[in-house]
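To start, the structure itself, in structure tokens.
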Amino acid sequence: MNNYLKIVVGVILPALLIGCNSQEIKNSLPVPSPRQLNWQDLEYYAFVHFSINSFTDKEWGYGDESPKLFNPFELDTDQWARTISEAGMKGVVITAKHHDGFCLWPSKYTEHSVKNSPWKNGEGDLLKELSESSKKYGLKMGVYLSPWDRNHPDYGTDAYLTYYRNQLRELLTQYGPIFEVWFDGANGGDGYYGGANETRKIDNKTYYDWPLTHQIVRELQPNAVMFSDAGPDIRWVGNEKGYANQTTWSTIYKDSIYPGMPGFNRFAPGQEKGTHFIPTETDVSIRPGWFYHQSEDDEVKSVEHLWDIYCNSVGLNSNLLLNLPVDRRGLVHENDIASLQGLKSKIERVFETNLATMAQLKMESSSNVMDSSILTDGQRESFVKITDKDSKIILEFDATKSSNLFVIQEAIQKGQRIRSFEIEALIDASWQVIYQGTTIGNKRIVRFPTSNIKAIALKLTDFNDKALISEMGLYYDSDVN
Ligand code: FUL
């Protein structure tokens, strides 16, 4: 948008201004860092839970499992990466070490790893294989390194923290770029602990001295985002079902929360006036368990269920981290692949045609119109700025459009601002409120009954300072009657 057009639009449509790298938006709000914005763009990527538990049929190993149990006879990380990329996912986060302490890479700091397993006669390095496959298929790779370690004799002491950080350094220096580091909140309890077989409780708030660990990640992988219940870059959505809160603020009072704190899920909606921008990530497994269990082969989530999850995570200001429990062969199971491909086709089908590109854009208060490209160009930096509450951005069509799904995006690089909105549609010559919602954030997907729409309006009923809308989309999901 050039300056001339900016001024013209400002004059003819007083409440609707067009922004483009606009300096005029004063910002006292918390805003995302470039690494958070890059992460937010990924939207949908895979978790892989694969370890000793895949062979013992457990979800949480005790820590005394023999490495000899780890024997994936057909392991093929190319198959994982191909599956993930063909599913339309942008990356993969692997459980390098789960709570049982077994390491999928030959860490030089422990014997409890693939180097003492029969897999490749102890010569294998799963992290290396996955990093090569990820590169080959254009995926980003992230690592899960469980802070809780039920195998390690020193767990609970300072010596363990040195061990943990040494392992983190290995993961961050030996396998190329890492896009995400996942710090789990489940911490402390009973375990093997080198043969002690006892319960070890730690103080979640103080034991791990997280700021020191975070520095290591910043130093070795400055572009990586760090996940934990409390950030520092992205936070837990508060449940493992795949559903973000209807109200989801990306802001939170960071200093009032810490990983593993009891009752954490009360922070799921975030806090509007929070001091830090720490968006949510929605983690959920494609099966009931995180690890593979043959008994769950017929319990893979259906395409409809996954689509509902997608709309309630990516479409509720979150990113979707969908877990694939790799099986004992060392492959993503056929049933999981079928659901993943079904979801991919569904997403492609629904979002193939953005009807909003065929609309003219106007404000309720004015008869002047312009084309809608500013809201359909996929660019964060071109956005519409609303200054007056209850203003409506209207998309008007020449002829009615059959539709049932609406997408809205805020220009979140300037902070999350919208508290509430309504969607109104012109159906059979009368305006009807078809949806009322609260937050929008990076992306809000709204589904509504199929209607023949002559025009659709986004009414910004409440926001902090100004509302900045960067994208709007109207779609038709032909699977809905
Ligand atoms: C939880 C863990 O305890 C589960 O085993 C799983 O790894 C999940 C993603 O996080 O806190």
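The values are calculated or read from the model by the stated rules, or taken from the named source; none is laboratory data. If you're wondering where the values come from, they're calculated on a predicted model, not measured in any experiment. When we count neighbours, we look across all protein chains shown, and the Cβ atoms used for this are built from the backbone with ideal geometry, even at glycine.
Which members of the range 75-110 meet the condition of being part of a loop (DSSP other than H, G, I, E, B) and more than 16 Å from the ligand (Cβ to nearest atom)?
Once the filter is applied, which keeps residues that are part of a loop (DSSP other than H, G, I, E, B) and more than 16 Å from the ligand (Cβ to nearest atom), the range 75-110 yields L75, D76, A87, G88, M89, K90, W105, P106, S107, K108, Y109, T110.
For every residue, the table says whether it meets (1) within 13 Å of P147 (Cα to Cα); (2) within 16 Å of the ligand (Cβ to nearest atom); (3) of a type in the set (A, V, I, L, M, F, W, C).
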{"position": "L161", "(1), (2), (3)": "yes, no, yes"}
{"position": "Q167", "(1), (2), (3)": "yes, no, no"}
{"position": "G195", "(1), (2), (3)": "no, no, no"}
{"position": "E198", "(1), (2), (3)": "no, no, no"}
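Return a yes/no flag: does the range 53-74 have any residue that is under 16 Å from D125 (Cα atoms), touching a residue at least 60 places away in the same chain (Cβ under 8 Å) and within 14 Å of the ligand (Cβ to nearest atom). No, every residue in the range 53-74 fails to be under 16 Å from D125 (Cα atoms), touching a residue at least 60 places away in the same chain (Cβ under 8 Å) and within 14 Å of the ligand (Cβ to nearest atom).
Just one of the numbered conditions (1) closer than 26 Å to G63 by Cα; (2) exposed (fewer than 14 other Cβ atoms within 10 Å of the Cβ) is not true of Q215: (1).
One line per residue, one yes/no per condition, for (1) surrounded by 19 or more Cβ atoms within 10 Å (Cβ to Cβ); (2) touching a strand residue (DSSP E or B) at 6+ places or on another chain (Cβ under 7 Å); (3) at pLDDT 95 or above; (4) not assigned by TED's automatic domain parsing to the domain that holds V93:
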{"position": "K115", "(1), (2), (3), (4)": "yes, no, yes, no"}
{"position": "P118", "(1), (2), (3), (4)": "no, no, yes, no"}
{"position": "T162", "(1), (2), (3), (4)": "no, no, yes, no"}
{"position": "Q167", "(1), (2), (3), (4)": "yes, yes, yes, no"}
{"position": "G194", "(1), (2), (3), (4)": "no, no, yes, no"}
{"position": "D203", "(1), (2), (3), (4)": "no, no, no, no"}
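Taking the listed residues N166, N197, N204, N151, the one that is out of contact with any His (no Cβ under 9 Å at 6 or more places or on another chain) and within 16 Å of G63 (Cα to Cα) is N197, with no other qualifying. With respect to I445, determine if the residue is surrounded by 14 or more Cβ atoms within 10 Å (Cβ to Cβ), more than 29 Å from S33 (Cα to Cα) and not assigned by TED's automatic domain parsing to the domain that holds T275. No. Per the conditions (1) surrounded by fewer than 18 Cβ atoms within 10 Å (Cβ to Cβ); (2) touching a strand residue (DSSP E or B) at 6+ places or on another chain (Cβ under 6 Å), the sole criterion not satisfied by L460 is (1). Checking the structure you have, find out if any residue of the range 100-107 is under 24 Å from Y207 (Cβ atoms) and among the aromatic types (F, W, Y). Within the range 100-107 (the criterion being under 24 Å from Y207 (Cβ atoms) and among the aromatic types (F, W, Y)), the answer is yes, since at least one residue qualifies.
A Cβ distance below 9 Å, combined with a sequence gap of six or more or placement on separate chains, defines the contacts here; from the range 26-52, residues that are among the polar types (S, T, N, Q) and within 16 Å of the ligand (Cβ to nearest atom) reach residues that are in a loop (DSSP other than H, G, I, E, B) and at pLDDT 95 or above in the pairs S51/G61; S51/F70; S51/H98; S51/D100; S51/F102; S51/L104; S51/F291. For the range 330-372, filtered to residues that are of a type in the set (S, T, Y) and at pLDDT 95 or above, the residue that is farthest from the chain's Cα centre (by Cα) is T357.
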